[in-house]
Amino acid sequence: MDNESTLSTIYSEDVSLMVVILDINPLFWTSVNSNTNSLTFTKFMDQFLPLLNSVLLLNQLNEIVLIAHGINSCGYIYNSSMENRRGGKRGPAFFAEVSEKLKEFMEADCLHRKGAKSTSTIVPSLLSGSLSLALCYIQRVFRSRPIYPRPRILCLQGSPDGPEQYVAVMNAIFSAQRSSVLIDSCVLGLNSAFLQQASHITGGVYIKPQQLDGLFQCLSMVFATDVQSRSFLQLPKPAGVDFRASCFCHKTTISMGYICSVCLSIFCKRHKKCSTCGSDFNRPNSNSKSSPVQKSKRKLDDR
Amino acid sequence: MPQVKIVARNFMDMVAALPAMKLDKLYDSTFICEAVLRSLPPLAKKYVLQMLYLEIPVTAKSMGEWVLPDGMSKHKVAISRLLQLRIFIDVVDRKKETSYRLDTKFQSNIRKCLIHGGVPPRESMPSNITVRLPTLDDLECYAHEQWECFLLQLISSGQAERSTSFNSYMLKTFQRGLLSSRENEAPRLTENGFQFLLMDTNAQLWYIIREYISTSEDRGIDPTDLISFLLELSFHNLGEAYNINTLTEIQQNAINDLAGLGLVKRQQGRKEMWFIPTILATNLSISFSDSVSHKQGFVVVETNFKLYAYSTSKLQCEILRLFARIEYQLPNLIVCLINKESLYYAFENGISAAQIISFLHDNAHPRIVQKIPRVPENVTDQIRLWENDRNRVEMTHSHLYEDFPSRDVFEAACDYARELGGLLWRDSKKMFFIVNGDAHQDMRDFLRRQK
């Protein structure tokens, strides 16, 4: 083809490993049903599974890993590289398998949450857990194979952000950035500050599709693109990124707060002592008192 | 130096060169659509996916807006490839604007693929009939052994221990481009032949397959049938048994030939006969785009130009002999020395330094794969330097003009030659100059007009 194979290529050109993170928060999907929003979970799956199929179709070496997360747990659902050894199954059998596994996972997830009390608002799902799971999987691929495909992560998120996961999610985002893994996100519910930041920092694409009927077209236009081709194509640009952080003490999202000058922990109220690193803010003679800092957007980003 | 290159990766060019009617017939099969799609450049794949559910043609202008300015050249390559393979059909509307739409058959087949997925072309046989199928590792060994045996037979018919199923006529056709056979002389490898040996297995395989298909018409077989069967074969499941009776006669004959290459393994049961696709066959549809061979390497190169090859294969030994001097051979080890003489021998045979280096690099022993660089730098540099040594003098075909009647004529002719861009050298005292061979014809016309 047009690109000659050079001497040392770690990645074979347009081969990609796509880790898809799917939010199956039952509270979100039932609320969708009752809102008379057109996209029910079944309809969503109809649009979503062909995307997986099309990525597998484009290159025989492409791999897909599907990770689902609910409210309390996250887990692997499907891994195409396991199937490929003895001829991967695709098509109806593939759809059936994925749906079956998802069902099992949902049931297991519900069992986990017995302790939680039923609420009318949507409880956030465990994004941080599945992001970490995805990154762990990618690291394992990096280390165990001499030659590996180019990895990227696609998050399909419905439920809102859970501010209490802030630190974990940010850490996952930064480690993705370090290992140059793109995080694409497609938000089906409300805008998500976490995913906006994730895509912004790692160089992925963040979209919130306007028309959910034609979701497949949108998914295949944007997210089926391999990392190499992205440098040649016009892809949707983000309208703006919500850089707000959550405080470490009460896990609420804040736009102004206090930052520990030693470890950069964020607090919504003034404290005597940093709860993360133990620095004393109230030393009588010291000049370096921690003072309210107007957090600029950049500062958090550069951390 | 003449640039001879065996282009082995462009199997799809052969498909593209088929007449439109035959190409359209090929797209009847879902597998072929899938294989063709996979062979496309990344951007072209993307466009197909994007257009898959669009019912109306998209104008070329709006497609141009999909790409950034940097990607324009890639965009053009992608579009022309799509047109060449007749996946895109161009439509010119009343305003004389070009727009593209997908070939309807291709479109519906790919849609089918997306929704129903790739169903294997035929049912595999139940395991109670086919007892004792080979394991995947055994099968891979078998495939590589068979392939090596074939190659060895190809380059030196005497050396192979057992002969493959190819008859000598077929073998001759394969050898045509690779060996020069003058009368009363032992056949020698040609430049192409040397380069062929240094290519990776997939590339070699495609070269042979291409030859096999392009000569099929002489045997009275439609190349289209063979192409579609080969592509179909690559979608069978690795290591499963398929009944031979499900094939047409042409396909059965082809299977026999392919078994000789190691693409399939044939087994005879009590009643039935079946074939098992090997890794070579299932990789067929990958190998259009550059793929990575997963073969384990065996070569260690040291900074003192010694080369240790842990291999028992005769073929590998023959290949190493192309550019290195073999010092001694142990049962599982070949020790060679790379020196100026051995490399000059290689260069004379048309092997380039880059090919040798990439061969050493690609076949590095697992122990040194982690090292950067895999081949010591002083060795690669020296190989390149020795190659450059040979290219110190560049030969150009040219003509000498002398004996001009007067200085005016000489000057005019000189100026004209300079205008043509063909003046290589001049001596105004003795009044002669040398003109590039390309400009000779024009020059002669010019001088004739002067008279």
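Per-residue Karplus couplings for segment B:34-43, computed as 6.51 cos²θ - 1.76 cosθ + 1.60 with θ equal to phi - 60°, are listed in order as 5, 5, 5, 4, 5, 7, 6, x, x, 5 Hz, Gly and Pro entered as x. For the Cα atoms of chain B, what angle does the longest principal axis make with the long axis of helix B:72-84, in degrees from 0 to 90, nearest 10? Around 60 degrees separate the two axes. Students often get this wrong: which residues of segment B:76-93 have the backbone nitrogen under 15 Å from the point 7 angstrom along Cα-to-C-beta of B:THR59? From segment B:76-93, the list is B:91-93. Cα centroids of segment A:190-213 and segment B:384-451: 66 Å apart.
Could you sort out which of B:LYS25/B:LYS74; B:LYS45/B:LYS105; A:LYS43/A:LYS103 sit more than 18 Å apart by Cα distance in this structure? Over 18 Å apart, Cα to Cα: B:LYS25/B:LYS74.
Under the simplified labelling scheme, the A:ASN282-A:GLN139 pair shows an inter-label distance of 3.9 nm, with each label point 7 Å from Cα along Cα→Cβ. The distance linking segment A:231-267 with segment A:14-29 is 23 Å (Cα centroid to Cα centroid, whole angstrom). Checking buried surface per residue: for segment A:213-237, which residues lose a minimum of 20 Å² accessible area in the protein assembly relative to the chain alone (1.4 Å probe)? Relative to the lone chain, where solvent access is computed with a 1.4 Å probe, segment A:213-237 loses at least 20 Å² at A:PHE216, A:GLN217, A:SER220, A:MET221, A:SER229, A:SER231, A:PHE232, A:LEU233, A:GLN234. Each of A:ASP213 and B:ALA17 was given a label point 7 Å from its Cα along the Cα-to-Cβ line. The distance between the two points is 4.9 nm. What separates the Cα centres of segment B:298-325 and segment A:41-68 is a distance of 45 Å. Here the calculated FRET efficiency for B:ASP24 and B:ARG325, from their Cβ-Cβ distance with R0 = 56 Å, stands at 0.55, rounded to the nearest 0.05.
Take the accessible area of B alone and of A alone, subtract that of the pair with a 1.4 Å probe, and the total buried over both chains is about 4100 Å². Using a ≥ b ≥ c from the Cα gyration tensor of chain B (square roots of the eigenvalues), is it rounded, prolate or oblate, where a/c under 1.5 gives rounded and otherwise the larger of a/b and b/c decides, a/b for prolate? The shape class here is oblate. At a threshold of 40 Å², the residues of segment B:216-253 that become less accessible to a 1.4 Å probe in the full protein assembly than in their chain on its own are B:LEU238.
When the residues A:SER261, B:SER398 are ordered by accessible surface, computed with a 1.4 Å probe over the protein chains alone, the sequence from largest down reads A:SER261, B:SER398. Here the accessible area is traced with a 1.4 Å probe on the protein chains. For chain B, carbon and sulfur cover 49 percent of it. Angle check, please: helix B:223-233 long axis (alpha carbons) against the longest principal axis of chain B (alpha carbons), in degrees 0 to 90, nearest 10. Between the helix axis and the principal axis of chain B, the angle is about 60 degrees.
The residues of chain B present an accessible area of 51 Å² per residue when probed at 1.4 Å with all protein chains retained. Taking all protein chains together, A:VAL205, B:VAL409 sort by accessible area into B:VAL409, A:VAL205, largest first [probe 1.4 Å].
Applying 1/(1 + (r/R0)^6) with r as the Cβ-Cβ distance of B:ASP70 and B:ILE372 and R0 = 25 angstrom yields a FRET efficiency of 0.25.
For segment A:16-231, the fraction of 1.4 Å probe accessible surface lying on carbon and sulfur atoms is 55 percent. The relative contact order of chain B comes to 13 percent, based on Cα pairs under 8 Å that sit 6 or more residues apart.
Starting from the Cα of B:LYS429, move 7 Å in the Cα-to-Cβ direction to define the label point; list residues of segment B:379-401 whose amide nitrogen is under 12 Å from there. Answer for segment B:379-401: none. Angle of helix B:353-362 to the longest C-alpha principal axis of chain B, folded into 0 to 90 degrees and rounded to 10: 30°. With a Förster radius of 30 Å, plug the Cβ-Cβ distance of B:ASN391 and B:GLN441 into 1/(1 + (r/R0)^6) and report the FRET value to the nearest 0.05. That gives a FRET efficiency of 0.60.
Solvent-accessible surface of protein heavy atoms, probed at 1.4 angstrom with all chains present, puts B:GLU377, B:GLU249 in the order B:GLU249, B:GLU377, largest first.
The values are calculated or read from the model by the stated rules, or taken from the named source; none is laboratory data. Nothing here was measured: the structure is a model prediction, and the numbers come from that model. Neighbour counts run over all protein chains shown; Cβ positions are idealised from the backbone, glycine included. Remember, those area values only see protein heavy atoms, side chains included, never the ligands or the DNA or RNA. Shrake-Rupley method; radii C 1.70, N 1.55, O 1.52, S 1.80 Å.
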